[in-house]
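The values are calculated or read from the model by the stated rules, or taken from the named source; none is laboratory data. In this text the structure is predicted, and so the values were computed from the model without any measurement. All Cβ positions, glycine included, derive from the backbone under ideal geometry; neighbour counts span all protein chains shown. Please note that ligands, DNA and RNA were not included when accessible areas were found on the heavy atoms of the full protein model with its side chains. Shrake-Rupley method; radii C 1.70, N 1.55, O 1.52, S 1.80 Å.
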Amino acid sequence: MSKDLTKRADDFSKWYNDIVAKAGLAEHSAVRGCMVIKPSGYAIWEKMQQTLDKMFKDTGHVNAYFPLFIPKSFFSKEASHVDGFAKECAVVTHYRLKNADGEIVVDPEAKLEEELIVRPTSETIIWNTYRGWVQSYRDLPILVNQWANVVRWEMRTRLFLRTAEFLWQEGHTAHASAQEAIEETERMLDVYAHFAENYMAMPVVKGKKTPNERFAGALDTYCIEAMLQDGKALQAGTSHFLGQNFAKAFDVKFAAKDGALDYVWASSWGVSTRLMGALIMSHSDDNGLVIPPKLAPTQVVIVPIYKGDEGLAKINEAVAPIKQKLEAKGISVKYDNRDSQRPGWKFAEYEMQGVPVRIAIGERDLQSLTVEVARRDELSKQVMPIEGLEQAIEKLLTDIQNNLFKKALERREKTTHTVHTFDEFKQALEKGGFVSAHWDGTPETEQKIKEETKATIRCIPLNNKQESGTCVYSGKASTQRVLFAIAY
RNA sequence: CGGGGUGUAGCGUAGCCCGGUUAUCGCGCCUGCUUUGGGAGCAGGAGGUCGUGUGUUCGAAUCACACCACCCCGACCA
């Protein structure tokens, strides 16, 4: 029987949950709001990590690791930062359990002098550490990244998109000038955009957040915004210019060349396992997951079709050199010659798992020296000669990668609406997608639009065209359009 | 965290209103044979703290209360 997925058109949310479950990416754990990332899901995350990590290293960053726990007092040093995170912090109050008449209880004798916060992000502990690292301009810049888990006690969770604990990377850099810190902030935004578009095949809009949507403690928050298949936007990565806020809060000063003491300038930037959700909702279809070749743990699966042990032996023999040649090209190949499942079952299974290319090879192919090649993105099949197959597959993987990006880009363009009146605005929102509209620049208008329509300003696109117009809500003068959408 | 819903084998479910034999069916799983170019067929078999706890009752999957988890809708957030 088929493992039926809910159709996207019927219930997108349910489709997403189904696909996460049926492709074996993750499941709910015994702990509320926390997920177990299963091997198939973690393998994709590892590909993302490897790719990003190389990009970070190539832009001069190094990895380090800071503690999971943060003294409560650190947290209150930067006022807006506390405000932003206070409501969703897990707090450690004790350090011991004891056995009380057969029941394990928290030992009231073991109360911590100072309570510890499980990091929701690491700015405070890192800037407290940086104080000891920086004295002179010669110690700058500090370009550090860490791969870590963080906890934000979310009330409403969804696998990958929003969980109480999630995996991410957080870059924390320290600079001698505002200009340099801003350049870093923009550079890392570019890295994220490059990764999203060229590896995830997911077009993104680079932009700046409005003050309302800014990171707690930042002077400016930049973001990449993705548009998913259901017409909702998703913030896929952020990069913050922190000014001197954390340096002041943690007293991190440096002596400049001329001997003057000044506070250090900062940036921070991060992407999380939320990218997994973005990936799924960008490309996948009613048959299951679709993974772009550059992030697919298995790029090609080979399925033998045979009768009897002898038949399989012949195919095994024919597959060995094919697999070897593909692997020599750096393509990851899985040969699934399990006898416990039939070919049709395997076809459906690997489609569910999103393997980009499937090669089927049977007795007929041995005669004609061909194989059947199926591409996951278009669900189409063609017969190819074994001779030169590795070149053809290599090209096919590139085609699939490009095609996924192209389709996603076309979808986004088709669902981006430019509107002039509030009526048009509301109509466009119902269709889903980005709505490009004039905004008077005030938080009040932004808030009112949010209350009336649930739409938020996703970003003010970078290099935005300046044009005079009137705010779609207030009718006041405006100098540029911004992107609104319903967001995750 | 507020409102609504759901929880029965690995998964999906019947039974619950109206308490009373051995808890239903399908998929999956195990064994065997036949099969293998799109989720195989036949035969046999295993598998259950009915989400957890407390209570009501001669008797609880079924009634009551509490708790837990998930789903939907809000508020909050990456």
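When each of A:321, A:304, A:297 is tested for being in contact (Cβ under 8 Å) with a residue 12 or more places away in the chain and more than 15 Å from RNA strand B (Cβ to nearest atom), the lone residue that passes is A:297. Scanning the range A:198-253 for residues that are open to solvent by 20 Å² or more (accessible area, probe 1.4 Å), closer than 21 Å to residue A:77 by Cα and in a strand (DSSP E or B) yields A:220, A:253.
From the list A:77, A:47, A:72, pick out the single residue that is out of contact with any strand residue (DSSP E or B) (no Cβ under 9 Å at 6 or more places or on another chain) and closer than 29 Å to residue A:247 by Cβ.
A:77
I'd like the residue in the range A:230-261 that is more than 31 Å from the chain's Cα centre (by Cα) and touching a residue at least 60 places away in the same chain (Cβ under 8 Å) and, out of all such residues, is farthest from RNA strand B (Cβ to nearest atom). Per the criteria, the residue is A:257. Taking residue A:365, is it assigned to a loop (DSSP other than H, G, I, E, B), assigned by TED's automatic domain parsing to the domain that holds residue A:309, of a type in the set (D, E, K, R) and under 20 Å from residue A:346 (Cα atoms)? Against the criterion (assigned to a loop (DSSP other than H, G, I, E, B), assigned by TED's automatic domain parsing to the domain that holds residue A:309, of a type in the set (D, E, K, R) and under 20 Å from residue A:346 (Cα atoms)), residue A:365 does not qualify.
The set of residues in the range A:38-57 being within 16 Å of RNA strand B (Cβ to nearest atom), open to solvent by less than 40 Å² (accessible area, probe 1.4 Å) and either over 18 Å from residue A:146 (Cα atoms) or part of a strand (DSSP E or B) (or both) consists of A:41, A:44.
Exactly one residue out of A:177, A:268 is open to solvent by 10 Å² or more (accessible area, probe 1.4 Å), closer than 19 Å to residue A:139 by Cβ and in contact (Cβ under 8 Å) with a residue 12 or more places away in the chain, and it is A:177. Checked against (1) surrounded by 13 or more Cβ atoms within 10 Å (Cβ to Cβ); (2) over 30 Å from residue A:124 (Cβ atoms); (3) not aliphatic (A, V, I, L, M), residue A:66 passes all but condition (2).
Would a scan of the range A:1-20 turn up a residue that is open to solvent by 80 Å² or more (accessible area, probe 1.4 Å), assigned to a strand (DSSP E or B) and either assigned by TED's automatic domain parsing to the domain that holds residue A:181 or within 16 Å of RNA strand B (Cβ to nearest atom) (or both)? Scanning the range A:1-20, I find no residue that is open to solvent by 80 Å² or more (accessible area, probe 1.4 Å), assigned to a strand (DSSP E or B) and either assigned by TED's automatic domain parsing to the domain that holds residue A:181 or within 16 Å of RNA strand B (Cβ to nearest atom) (or both), so the answer is no.
Where strands (runs of 3 or more DSSP E) sit wholly within the range A:376-488, those with at least 3 residues that are open to solvent by 80 Å² or more (accessible area, probe 1.4 Å) and closer than 30 Å to residue A:298 by Cα occupy A:380-385. Within the range A:92-105, residues that are in a loop (DSSP other than H, G, I, E, B) reach partners that are of a type in the set (Gly, Ala, Ser) with beta carbons closer than 6 Å, at six or more positions or on different chains, in the pairs A:95/A:110; A:96/A:110.
Of the residues making up the range A:336-350, those that are within 16 Å of residue A:315 (Cα to Cα) and within 7 Å of RNA strand B (Cβ to nearest atom) number 3. For the range A:147-181, the candidate set comprises residues that are more than 7 Å from RNA strand B (Cβ to nearest atom) and among the polar types (S, T, N, Q); within that set, the residue that is nearest to the chain's Cα centre (by Cα) is A:169. The single condition among (1) open to solvent by 50 Å² or more (accessible area, probe 1.4 Å); (2) part of a strand (DSSP E or B); (3) not charged (D, E, K, R) that residue A:144 does not meet is (1).
Just the residues that are under 12 Å from residue A:359 (Cβ atoms) and open to solvent by less than 50 Å² (accessible area, probe 1.4 Å), please, taken from the range A:330-342. Within the range A:330-342, A:331, A:333, A:335, A:336 qualify. Given the structure, is residue A:414 within 16 Å of RNA strand B (Cβ to nearest atom), free of Cβ contacts under 8 Å to residues at least 24 places away in the same chain and closer than 30 Å to residue A:239 by Cα? So residue A:414 fails the test.
Here residue A:133 does not fit the description of being closer than 30 Å to residue A:17 by Cβ and either open to solvent by 30 Å² or more (accessible area, probe 1.4 Å) or near RNA strand B (Cβ under 10 Å from one of its atoms) (or both).
In the range A:79-99, the count of residues that are surrounded by 20 or more Cβ atoms within 10 Å (Cβ to Cβ) and more than 24 Å from residue A:35 (Cα to Cα) is one or more.
Of all residues in the range A:130-141, those being within 28 Å of the chain's Cα centre (by Cα) and within 24 Å of residue A:80 (Cα to Cα) number 1.
Figure legend. Inter-residue proximity from the range A:330-359: first residues under 15 Å from residue A:305 (Cα atoms) and part of a strand (DSSP E or B), second residues open to solvent by 30 Å² or more (accessible area, probe 1.4 Å) and basic (Lys, Arg), beta-carbon distance below 6 Å, spacing 6+ or different chains. Indicated pairs: A:335/A:323. Assess whether residue A:156 counts as being basic (Lys, Arg) and either more than 17 Å from residue A:234 (Cα to Cα) or at pLDDT 95 or above (or both). No; evaluated as a whole, the condition is false for this residue.
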